[in-house]
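Here the structure comes first, spelled out in structure tokens, and everything after it is commentary.
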Amino acid sequence: MKKQNVVAELERLRKELDRHNYLYYVLAKPEISDYEFDRMLEKLIALENEFPNLKTPDSPTQRVGGGITKEFPTVRHRERMLSLSNTYSVEEVGDFYRRVLKLLPGRSKHQGGPAFVAELKFDGVAVSLLYRDGKLVRGATRGDGVQGDDITPNIRTLRSVPLRLGSFSDTPLFSTGSDAEIEVRGEVFMRKDDFTALNEARPEDEQFANPRNATAGTLKLQDSAEVARRKLFFVAYYLKGAPFDDLAHHDRLKELEHLGFYTGGNYRLCYDLEDIYEFIDYWHEQRWELPYEIDGVVLKLNDVSLWEELGATSKSPRWAIAYKYPAQRARTVLRKVVFQVGRLGTVTPVAHLEPVKLAGTTVARSTLHNLDEIERLDIRLNDTVEIEKAGEIIPKVISVVREERPENAGFITVPEVCPSCGTPLQRPADEVNFYCPNEETCPAQVKARLEHFASRNAMDINGLGKAVIEQLVNSKQVYDAGDLYTLTHDKLLKLDRQGERSATKLLRAIEESKKRGYDRVLFALGIRHAGLATARELVSAYPSLDKLQAASTEEMAEVPDIGPVIAESVHAFFRKPYVVEMIEKLRASGLCFAAAKPAVQVSHVFDGMKVIFTGGLERYTRDKAAELVLERGGEVVASVSKNTDLVVAGKEPGGKLEKARKLGIKMISEDEFEEMLGKQ
Ligand code: IVH
């Protein structure tokens with residue numbers, strides 16, 4: 001292709017991808033499938049790799065992340081990022097409304113009083129975006145309001161953040177000088193379903209309490225590729241820049257949408273207090289239908305020219321206020337406590353409650369966490385309890401209403417043997433949990449392992465839910481995940497409520513799951529402490545199961561982010577006889593136990609080479625570096641031996657470097673590595 005044509009083709013692909021991104025993430029009206037989108041993106045990636053000097057920071061290819069930021073620089077906000085004063089009652093909202101009215105006598109553009117914009121109060125993390133000449137140049141956290149962290153590499157990965165303003169439109173949206181600055185503020189948040197999926201992919205002791213914590217934790221990650229995977233969203237609620245100076249706030253929200261931002265669309269102009277109350281009431285119930293969490297409503301004076309006049313207190317503006325919905329609590333009665341055995345043998349007390357409506361759902365169960373919690377709450381059967389939705393997702397018993405303790409209140413008896421298999425329970429000296437040690441055959445553990453295996457981050461086997469697993473295990477057709485792949489129509493038809501059609505569908509889903517990559521398979525095996533992110537680390541250090549099984553604990557502990565606890569857990573796992581047996585069955589069924597061959601062969605510079613990374617790379621994650629080597633014919637290995645061909649040494653390289661030096665293996669720096677990548 002001629003250079004001129006390449007430039008045009010790059011621009012066409014970028015614009016087209018931007019447009020589809022906008023259709024998907026902002027308008028929720030996609031015109032093409034995810035598959036088609038990915039093909040188009042791959043095409044652009046390949047073309048950019050072929051012409052690396054034509055890469056741009058605002059290309060859609062940059063959204064996949066990959067860079068590592070050691071420390072986020074501190075930056076000053078152009079204008080202080082204020083917070084909002086909170087109110088918890090509608091009376092206070094009335095006070096606010098009258099106060100503004102009094103401060104602005106006769107200044108309103110509308111009859112009767114000034115107009116307000118009522119918006120939803122998104123429960124996430126406030127972020128400021130800076131655009132220069134229509135291009136995203138900076139994304140920063142609020143910090144202390146005066147200065148925050150520059151998290152631009154992470155912000156770039158959010159698909160609802162336009163990298164170029166209105167780039168999908170053919171007509172210019174506004175005319176700016178080349179250095180015109182526009183600031184957009186809004187909230188980064190995680191959808192409820194993405195939050196649940198993220199937690200499912202994490203070891204139990206590393207789960208986030210609510211979507212807001214998950215968002216905050218994700219934005220702070222040094223590895224932008226991981227941020228890209230976690231699907232954060234950005235909702236815009238503030239626009240500032242010379243082209244929009246004359247617009248009222250409501251018009252600015254509309255303008256944000258034209259520029260390519262997601263606003264959620266659920267805002268409304270209110271002309272009096274009644275309108276405002278109506279909005280608050282409506283969303284009180286309706287908010288449970290939203291795919292994300294809101295914790296209140298925000299009211300802003302519509303006429304922006306009056307904002308300055310009203311000014312601000314030290315923390316918050318006088319022209320806006322937040323109304324927060326009351327905490328979601330309810331009272332109900334504890335009927336019984338059931339001790340549930342989890343995938344790793346942990347015994348958890350689960351409260352069975354008199355069903356009660358709370359935060360948009362009916363709650364009949366709640367976790368009591370562990371025995372210490374039962375003691376701490378001093379909870380008895382038939383007690384009236386107060387429950388709350390923590391992070392408004394998982395209901396939790398927070399207290400016992402002692403005045404209402406009935407005569408028949410009963411003590412909760414803690415089982416001495418496993419409720420599922422009858423094996424005596426164990427409690428390690430320094431732990432609050434009891435365990436069932438019968439890992440291999442305890443039906444509760446077997447079922448929970450299968451549920452994990454089939455879950456969406458793992459093998460994602462649609463139709464293989466709790467009920468089906470229950471029957472498969474109880475009828476002794478399935479002992480472990482390996483047996484799933486030998487199921488037949490006949491076997492499935494013997495189960496309750498399994499018709500011809502659902503059996504066919506399930507078998508197809510099981511067959512389909514054989515296509516999952518090695519990282520997902522490794523995660524699905526359910527190794528203690530190994531979430532999906534750990535599985536990925538392991539895959540890039542040990543690209544096949546044979547290599548992983550052969551690795552020693554010490555060697556594994558040297559892999560970044562693995563450490564001795566996980567290494568020990570992984571090492572022990574593969575030495576359990578029932579695991580060995582299961583893996584044999586899975587192998588025989590054709591599951592993937594090695595990292596995929598690269599989709600594209602970019603060049604042959606690493607052909608046949610065994611490459612090792614040591615120390616921290618500044619511009620690539622380990623995953624990315626491994627992928628780049630694979631795409632160029634090489635292979636990444638985890639430990640140095642005489643067969644190693646090349647060592648890439650980053651910052652603070654470990655013992656591997658010393659060993660490599662002794663063996664006389666060729667060593668290069670990150671810069672030299674980068675140079676090799678560019679060679680044809
Ligand atoms: S306006 C000066 N609008 O709530 C006005 N904030 O409690 C600044 N928030 O720091 C904020 N939804 O993180 C505004 N529709 C919305 C909002 C919103 C959520 C957050 C924001 C702010 C905090 C204040």
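The values are calculated or read from the model by the stated rules, or taken from the named source; none is laboratory data. Since this is a predicted model, take the numbers as computed values, not measurements. Because the Cβ atoms are built from the backbone with ideal geometry, glycine has one as well, and the counts that use them run over all protein chains shown. Accessible surface is based on the protein model in full, side chains and every heavy atom, while ligands, DNA and RNA are left aside. Shrake-Rupley method; radii C 1.70, N 1.55, O 1.52, S 1.80 Å.
Taken as a whole, the condition of being within 26 Å of Asn438 (Cα to Cα), open to solvent by less than 30 Å² (accessible area, probe 1.4 Å) and in contact with a Ser or Thr (Cβ under 9 Å, 6 or more places away or on another chain) does not apply to Val385. Give the residues of region 488-497 that are touching a helix residue (DSSP H, G or I) at 6+ places or on another chain (Cβ under 8 Å), under 24 Å from Glu584 (Cβ atoms) and assigned to a helix (DSSP H, G or I), sorted by residue number. Once the filter is applied, which keeps residues that are touching a helix residue (DSSP H, G or I) at 6+ places or on another chain (Cβ under 8 Å), under 24 Å from Glu584 (Cβ atoms) and assigned to a helix (DSSP H, G or I), region 488-497 yields only Leu492.
For beta carbons closer than 6 Å, sequence separation of 6+ or different chains, a first residue in region 133-146 that is at positive phi and a second that is more than 14 Å from the ligand (Cβ to nearest atom), the qualifying pairs are Asp133/Ser178; Gly134/Arg164; Gly134/Leu165. Of all the numbered requirements in (1) within 15 Å of the ligand (Cβ to nearest atom); (2) within 30 Å of Phe411 (Cβ to Cβ), Phe339 misses one, and that requirement is (1).
Residues that are without any contact (Cβ under 8 Å) to a residue 60 or more places away in the chain and either within 23 Å of Ala236 (Cβ to Cβ) or surrounded by fewer than 17 Cβ atoms within 10 Å (Cβ to Cβ) (or both) within region 46-69 comprise Glu50, Phe51, Asn53, Leu54, Lys55, Thr56, listed in sequence order.
Which ones in region 516-537 are small (Gly, Ala, Ser) and either outside any helix (DSSP H, G or I) or modelled with pLDDT of 95 or more (or both)? Result: Gly517, Ala524, Gly526, Ala530, Gly531.
In region 323-358, which residues are surrounded by 19 or more Cβ atoms within 10 Å (Cβ to Cβ), closer than 18 Å to Arg380 by Cβ and touching an Asp or Glu at 6+ places or on another chain (Cβ under 7 Å)? Once the filter is applied, which keeps residues that are surrounded by 19 or more Cβ atoms within 10 Å (Cβ to Cβ), closer than 18 Å to Arg380 by Cβ and touching an Asp or Glu at 6+ places or on another chain (Cβ under 7 Å), region 323-358 yields Thr332, Leu334. Note on region 413-429: residues that are in contact (Cβ under 8 Å) with a residue 12 or more places away in the chain and either among the polar types (S, T, N, Q) or surrounded by 18 or more Cβ atoms within 10 Å (Cβ to Cβ) (or both) amount to 4. The set of residues in region 538-547 that are buried (at least 21 other Cβ atoms within 10 Å of the Cβ) and assigned to a helix (DSSP H, G or I) comprises Leu538, Val539, Ser540, Ala541, Leu545.
How about region 498-508: which of its residues are open to solvent by 20 Å² or more (accessible area, probe 1.4 Å) and assigned to a helix (DSSP H, G or I)? Glu500, Arg501, Ser502, Thr504, Lys505, Leu507, Arg508, listed by residue number. Inspection of region 634-653 finds no residue satisfying the criterion of being open to solvent by 50 Å² or more (accessible area, probe 1.4 Å), part of a helix (DSSP H, G or I) and among the acidic types (Asp, Glu). For region 451-470, does any single residue satisfy the condition of being at pLDDT 95 or above and closer than 12 Å to Gly342 by Cα? Yes: one or more hits.
Picking from residues in region 128-155 that are hydrophobic (A, V, I, L, M, F, W, C) and surrounded by fewer than 19 Cβ atoms within 10 Å (Cβ to Cβ), the one that is nearest to the ligand (Cβ to nearest atom) is Val146.
For region 247-267, give me each residue that is more than 17 Å from Trp319 (Cβ to Cβ) and either touching a helix residue (DSSP H, G or I) at 6+ places or on another chain (Cβ under 8 Å) or open to solvent by 10 Å² or more (accessible area, probe 1.4 Å) (or both).
The answer is Lys254, Glu255, Glu257, His258, Gly260, Tyr262, Thr263, Gly264, Gly265, Asn266.
Screening Tyr22, Tyr88, Tyr35 for residues that are within 16 Å of the ligand (Cβ to nearest atom) and either of a type outside the set (A, V, I, L, M) or touching a Phe, Trp or Tyr at 6+ places or on another chain (Cβ under 9 Å) (or both) leaves exactly one candidate, Tyr88.
Can you name every residue in region 254-274 that is touching a Leu at 6+ places or on another chain (Cβ under 8 Å) and more than 23 Å from Leu129 (Cα to Cα)? Before you say what the answer is, go through the steps one by one.
Our first condition is that a residue be touching a Leu at 6+ places or on another chain (Cβ under 8 Å); within region 254-274, this holds for 255-256, 258-260, 263-264, 266-267, 270.
Cys270 - this is the single residue of region 254-274 that is touching a Leu at 6+ places or on another chain (Cβ under 8 Å) and more than 23 Å from Leu129 (Cα to Cα).
Condition first: closer than 19 Å to Pro443 by Cα and open to solvent by 60 Å² or more (accessible area, probe 1.4 Å). Can you find one or more residues in region 477-491 that meet it? Yes, because at least one residue in region 477-491 is closer than 19 Å to Pro443 by Cα and open to solvent by 60 Å² or more (accessible area, probe 1.4 Å). If the condition is being open to solvent by less than 50 Å² (accessible area, probe 1.4 Å), of a type in the set (A, V, I, L, M, F, W, C) and not in a loop (DSSP other than H, G, I, E, B), then region 563-608 contributes Ile566, Ala567, Val570, Ala572, Phe573, Val579, Met582, Ile583, Leu586, Ala594. Pairing each residue of region 73-88 that is under 17 Å from Val125 (Cα atoms) with any residue that is of a type in the set (Ser, Thr, Tyr) and within 12 Å of the ligand (Cβ to nearest atom), provided the two are 6+ apart or on different chains, yields C-beta distances under 8 Å for His77/Ser128; Met81/Ser128; Leu82/Ser316; Ser83/Ser316; Leu84/Ser316; Ser85/Thr313; Ser85/Ser316; Asn86/Tyr323. Residues of region 296-322 that are near the ligand (Cβ under 10 Å from one of its atoms), buried (at least 18 other Cβ atoms within 10 Å of the Cβ) and either under 29 Å from the mean Cα position of the chain (by Cα) or of a type outside the set (Lys, Arg) (or both): Gly296, Val297, Val298, Leu299, Pro317, Trp319, Ala320, Ile321, Ala322.
The requirement of being open to solvent by less than 50 Å² (accessible area, probe 1.4 Å), within 13 Å of the ligand (Cβ to nearest atom) and under 30 Å from the mean Cα position of the chain (by Cα) is not satisfied by Tyr237.
Between Arg99, Arg63, Arg76, Arg12, which is within 24 Å of the chain's Cα centre (by Cα), basic (Lys, Arg) and away from the ligand (no atom under 16 Å from the Cβ)? I'd like the intermediate steps shown before the answer.
Numbers: Arg99 fails: within 24 Å of the chain's Cα centre (by Cα); Arg76 fails: within 24 Å of the chain's Cα centre (by Cα); Arg12 fails: within 24 Å of the chain's Cα centre (by Cα).
None of the others qualify; the one that does is Arg63.
Wholly within region 190-264, which helices (runs of 4 or more DSSP H) include no fewer than the required count, namely at least 1 residues that are aromatic (Phe, Trp, Tyr)? Quick ask: steps written out before the conclusion?
Details: elements: 192-200, 211-219, 224-229, 249-259.
The qualifying helices (runs of 4 or more DSSP H) are 192-200.
Filtering region 277-289 to residues that are modelled with pLDDT of 95 or more and within 14 Å of the ligand (Cβ to nearest atom) leaves Phe279, Ile280, Trp283.
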